[in-house]
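Q: This structure is in C-alpha cells; I'll ask about it shortly.
The values are calculated or read from the model by the stated rules, or taken from the named source; none is laboratory data. In this text, all values refer to a predicted model and were calculated from it rather than measured experimentally. Here Cβ is always computed from backbone atoms with ideal geometry, including for glycine, and neighbour counts include all displayed protein chains. Heavy atoms of the whole protein, side chains included, go into the accessibility calculation; ligands, DNA and RNA do not. Shrake-Rupley method; radii C 1.70, N 1.55, O 1.52, S 1.80 Å.
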Amino acid sequence: MHKSVLLEECIQYLNLQEDSQIVDCTLGYGGHSSEVLKRIKRGFLFAFDQDKEAISSSKKRLEEVASNHNFEIIESNFCHLKEELEKRGISKVDGILYDLGVSSPQLDEGERGFSFHQDARLDMRMDQNQFLTAHEVVNHYDYDTLVDIFRRYGEEKYATSIARGIIESRPIDTTLELVEVIKNNVPEKYRREKHPARKVFQAIRIEVNNELEVFEDSLRQALELLSVGGRICVITFHSLEDKICKEVFKEVSEIDSALKNLPVIPDEYLPNYKVIKTVSPGKEEIEENPRARSAKLRVIERIG
C-alpha cells in the first residue's frame with residue numbers, strides 16, 4: 001500500500017475549511033485527496049493524474065469518503081492546470097497540493113520500468129499514451145545528450161563513463177540490463193556506497209516525463225489561481241525539484257532588492273505571497289516509510 005508522505009502536515013498547512021475548493025495536482029493512489037475530502041464536506045476537490053491505473057484505484061477510494069460526489073478526477077498532466085480549471089468555470093481555488101514522488105505502486109510494479117530492482121522493459125512513462133519512453137532515451141540518444149541528462153537531472157559524477165558504456169552496449173531492452181551496464185562502468189567503491197543505478201534512473205525518468213519544466217510551469221499557474229488566504233503545499237523528493245520550488249517561492253514572496261532601502265514601499269511593489277513553512281519528515285515517519293527520507297514540504301500563502 002502506498003503511504004502518503006507528510007500527510008498530516010499537508011492537511012494542517014492547507015488550512016482546510018468545510019467549503020474549501022482544493023486541487024490535488026498529483027492524485028496518485030488518493031492518499032492525500034481522501035483525507036482532504038473528509039474535511040471539505042461542502043467544498044469540492046479537483047484531482048489531476050494521467051496514470052489510468054492510479055485513477056481507477058483512487059476513484060473507488062475517494063467515492064468512499066466523498067460527500068455528494070464532491071470531487072472530479074481530471075485525466076491530464078498538471079501542466080494543463082489553469083486550462084482545465086477554466087473549462088470548468090474555476091478561476092480561483094483555496095488550496096493546491098503537489099506530491100512529486102513516484103508512487104510506491106509505480107515503483108513496486110516491475111512492468112512500469114521505474115524500478116532498478118525488478119526486471120522490465122524500459123518504460124518509465126507516467127502517461128502511458130505518450131511516445132517517449134526510457135527505451136528510446138537509452139537506445140537512441142547520443143553520447144553528449146546522455147551525459148548532459150545524467151549530470152543535470154541525476155547529478156551523476158560518473159555520467160561520462162556510464163554514457164559511454166550505454167552506447168557500447170546497445171541495444172539495451174530491460175531495466176536490469178541497464179543496471180548491469182551502469183554497474184560495469186562505475187568504480188567498485190561507488191557500487192558499494194548506494195545503488196549505482198539510482199541517479200541514472202532518476203535522470204531518465206525526469207527526461208521521459210519532462211518533469212522539471214512541467215513542474216515549474218504548473219507551479220506558476222497554481223500561484224495565479226490561488227485565492228487570498230489560500231495556500232500551496234509542495235512535497236519534493238530530490239534537490240532539483242526542491243530548488244525550483246524554493247526559487248519560485250522566493251521570487252514571488254520577496255521585495256525587489258532595489259526597493260528594500262526605500263523608507264516607504266508603495267503597495268503595488270509589496271509581494272502578494274508569504275512563505276509559511278518548510279517541513280521535513282520526522283524520525284518516526286522515516287522509520288515507518290524509508291522512501292520519506294528525502295522528502296521536503298514547502299508551503300506558501302497568498303496574502304494580497
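Q: When LYS3 is evaluated against the numbered criteria (1) open to solvent by less than 50 Å² (accessible area, probe 1.4 Å); (2) part of a loop (DSSP other than H, G, I, E, B); (3) of a type outside the set (Gly, Ala, Ser); (4) closer than 23 Å to ASN289 by Cα, which criterion, by number, is the only one it fails?
A: Exception for LYS3: condition (1).
Q: Right, here's the next one. Looking at (1) more than 18 Å from ASP24 (Cα to Cα); (2) part of a helix (DSSP H, G or I); (3) touching a residue at least 60 places away in the same chain (Cβ under 8 Å), which is the only condition PHE249 fails?
A: That leaves (3) as the condition not met.
Q: Any residue in region 136-150 that's within 14 Å of GLN202 (Cβ to Cβ) and at pLDDT 95 or above: show its pairings with residues that are open to solvent by 10 Å² or more (accessible area, probe 1.4 Å) and assigned to a helix (DSSP H, G or I) at Cβ separation under 6 Å, as long as the two are six or more apart or on different chains.
A: The qualifying pairs are VAL137/GLU207; ILE149/GLU207.
Q: Would you check if LYS52 is surrounded by fewer than 20 Cβ atoms within 10 Å (Cβ to Cβ) and touching a residue at least 12 places away in the same chain (Cβ under 8 Å)?
A: yes
Q: Tell me which of these ARG61 doesn't satisfy, since it passes every other one: (1) surrounded by fewer than 20 Cβ atoms within 10 Å (Cβ to Cβ); (2) out of contact with any Asp or Glu (no Cβ under 7 Å at 6 or more places or on another chain); (3) within 19 Å of ILE300 (Cα to Cα).
A: (3)
Q: If you scan region 210-246, which residues turn out to be polar (S, T, N, Q), surrounded by 15 or more Cβ atoms within 10 Å (Cβ to Cβ) and in contact (Cβ under 8 Å) with a residue 40 or more places away in the chain?
A: Scanning region 210-246 gives SER218, GLN221, THR236.
Q: Among the numbered criteria (1) outside any loop (DSSP other than H, G, I, E, B); (2) out of contact with any Gly (no Cβ under 7 Å at 6 or more places or on another chain); (3) over 24 Å from ASN210 (Cβ atoms), which single criterion is violated by LYS41?
A: It fails just one condition, (1).
Q: How about region 146-205: which of its residues are acidic (Asp, Glu), open to solvent by 60 Å² or more (accessible area, probe 1.4 Å) and either under 26 Å from the mean Cα position of the chain (by Cα) or more than 14 Å from LEU122 (Cα to Cα) (or both)?
A: ASP148, GLU155, GLU168, GLU188, GLU193, listed by residue number.
Q: If you don't mind, another one. Filter region 220-246 down to the residues that are in a helix (DSSP H, G or I), of a type in the set (D, E, K, R) and under 22 Å from VAL93 (Cα atoms) and list them by number.
A: ARG220, GLU224, LYS246
Q: With respect to the numbered conditions (1) touching a strand residue (DSSP E or B) at 6+ places or on another chain (Cβ under 8 Å); (2) under 23 Å from ARG293 (Cα atoms), which one is the sole condition not fulfilled by ARG231?
A: Only one criterion is unmet by ARG231, namely (2).
Q: Let me ask something additional. Tally the residues that are open to solvent by 30 Å² or more (accessible area, probe 1.4 Å), modelled with pLDDT of 90 or more, farther than 14 Å from ASP173 by Cα and part of a loop (DSSP other than H, G, I, E, B), restricting the search to region 89-135.
A: Here the count works out to 8.
Q: Here is a further query. Could you list all residues from region 249-272 that are surrounded by 11 or more Cβ atoms within 10 Å (Cβ to Cβ) and among the polar types (S, T, N, Q)?
A: Within region 249-272, SER253, ASN272 meet the criteria.
Q: Here's another thing I want to ask about it. Six or more apart or on different chains, Cβ atoms under 7 Å: show the pairs whose first residue is in region 266-285 and closer than 15 Å to GLY230 by Cα and in contact (Cβ under 8 Å) with a residue 40 or more places away in the chain and whose second is polar (S, T, N, Q) and assigned to a helix (DSSP H, G or I).
A: Qualifying pairs under 7 Å: TYR273/SER253.
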